[in-house]
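The values are calculated or read from the model by the stated rules, or taken from the named source; none is laboratory data. Given the structure is predicted, the values throughout are model-derived calculations rather than measurements. Cβ atoms come from the backbone with ideal geometry, glycine included; neighbour counts cover every protein chain shown. We work out accessible area using only protein heavy atoms, side chains counted, and drop any ligands, DNA or RNA first. Shrake-Rupley method; radii C 1.70, N 1.55, O 1.52, S 1.80 Å.
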Amino acid sequence: PEQVRHRALELAESGERDGIAIGVKPSGFAAACLYLAGQELGYHITQTRLADVAGTSTNTIQSHRDALQNLL
């Protein structure tokens with residue numbers, strides 16, 4: 001949904017501004033932003049599904065999610 005995409009973009013911009021997105025694989029960071037945005041807005045999507053689509057691991061998503069949550 002558009003609101004999830006918009007929130008994910010906000011999270012990504014915040015991560016870039018605070019330097020946590022520097023030197024990381026963009027697809028893994030984007031997946032974490034989508035995951036966190038979906039969770040915040042009540043949309044259920046699994047880390048496993050996002051990891052498969054992004055070509056990354058659930059551990060990567062969890063790591064980036066945790067870093068993003070520390071910004072909030």
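Kindly provide the set of residues from segment 34-62 that are over 19 Å from residue 9 (Cβ atoms) and open to solvent by 70 Å² or more (accessible area, probe 1.4 Å), ordered by number.
To start, the set of residues in segment 34-62 that are over 19 Å from residue 9 (Cβ atoms) comprises 44, 46-49, 51-52, 55, 57-60, 62.
44, 48, 49, 52, 59 - these are the residues of segment 34-62 that are over 19 Å from residue 9 (Cβ atoms) and open to solvent by 70 Å² or more (accessible area, probe 1.4 Å).
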Determine whether segment 23-32 contains at least one residue that is outside any helix (DSSP H, G or I), β-branched (Val, Ile, Thr) and in contact with a His (Cβ under 9 Å, 6 or more places away or on another chain). yes
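Could you tell me which residue of segment 33-72 is nearest to residue 18 (Cα to Cα), considering only residues that are assigned to a loop (DSSP other than H, G, I, E, B) and aliphatic (A, V, I, L, M)? Walk me through how you get there before you give the answer.
In the first step, residues of segment 33-72 are kept if they are assigned to a loop (DSSP other than H, G, I, E, B); the result is 41-46, 55-57, 72.
Add one more test, that the residue is aliphatic (A, V, I, L, M), and what stays is 41, 45, 72.
Working: 41: 23, 45: 26, 72: 11 Å.
Ranking the candidates gives 72 first.
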How about segment 13-33: which of its residues are without any contact (Cβ under 8 Å) to a residue 24 or more places away in the chain and buried (at least 20 other Cβ atoms within 10 Å of the Cβ)? 21
